[in-house]
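Please treat every number below as a calculation from the coordinates, not as lab data. Computed from a predicted model, the values in this text were never measured in an experiment. Please note: Cβ atoms are built from the backbone with ideal geometry, for glycine as well, and neighbour counts cover all protein chains shown.
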Amino acid sequence: MDILRLIALLSLLLVVPAHAEIYKYVDENGNVTFTDVYKKGAKRIEMPGAPATLPSASTISPKKRASYAPGPADFPRIDADTQKRRDDIRRQVLQDEIATERRNADEARRQLALGERVQAGERATDSTYLNRVKRLRESVDQHEQNIVAIQRELANLK
């Protein structure tokens with residue numbers, strides 16, 4: 001038994017600390033993201049106690065970075081009018097989706113208002129009431145999150 005404890009203690013002492021570079025990125029909507037993957041415009045976060053010998057993103061030579069070329073030179077291209085038509089179709093689909101999602105959110109809010117009413121013989125502290133209201137609120141929240149996501153997609157269209 002003592003030998004097992006000794007082995008466990010030694011294995012803990014021999015663990016090499018892991019190190020990853022951390023980057024902070026702020027997108028066009030102001031959302032802050034911390035990641036270990038470099039993204040253009042991201043700032044490296046200095047971590048206390050991190051070894052100074054590891055290369056930073058600024059010291060990596062440009063030829064070692066991945067190429068961001070859209071594709072091979074002989075890759076088929078489409079003309080601007082075709083792309084504009086595709087973007088217009090995508091915009092219309094997203095607008096249809098957001099209209100449907102808004103209707104669904106309105107219906108979910110209406111259902112929540114009805115569901116929040118305490119039924120005859122029921123109390124606001126009953127688990128059935130609490131579960132019903134929780135489920136209805138989650139439905140409203142989901143529809144509102146969908147609306148925000150679709151609005152973001154619409155804003156990203158050219």
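Which FRET efficiency value, to the nearest 0.05, is calculated for R86 and L114 with the Förster distance at 35 angstrom and r the Cβ-Cβ distance?
Working from the Cβ atoms, E equals 0.25.
If each of E28 and K134 carries a label point 7 Å out from its Cα toward its Cβ, how far apart are those two points in nm?
Calculated label separation equals 3.9 nm.
Can you tell me how much longer the chain between D79 and A99 gets when fully stretched, taken as 0.36 nm per residue apart minus their C-alpha distance, in nm with one decimal?
Gain on stretching D79 to A99: 4.2 nm.
What's the FRET efficiency of D106 with V37 using the Cβ-Cβ distance as r and R₀ = 35 Å, to the nearest 0.05?
0.35
If we sort 24-37, 132-145 on the protection proxy, mean other Cβ atoms within 10 Å, highest first, what's the order?
Sorting 24-37, 132-145 by mean packing, highest first, produces 132-145, 24-37.
What is the distance, in nm, between label points placed 7 Å from the Cα along the Cα-to-Cβ direction at Q142 and at I3?
Modelled inter-label distance: 5.6 nm.
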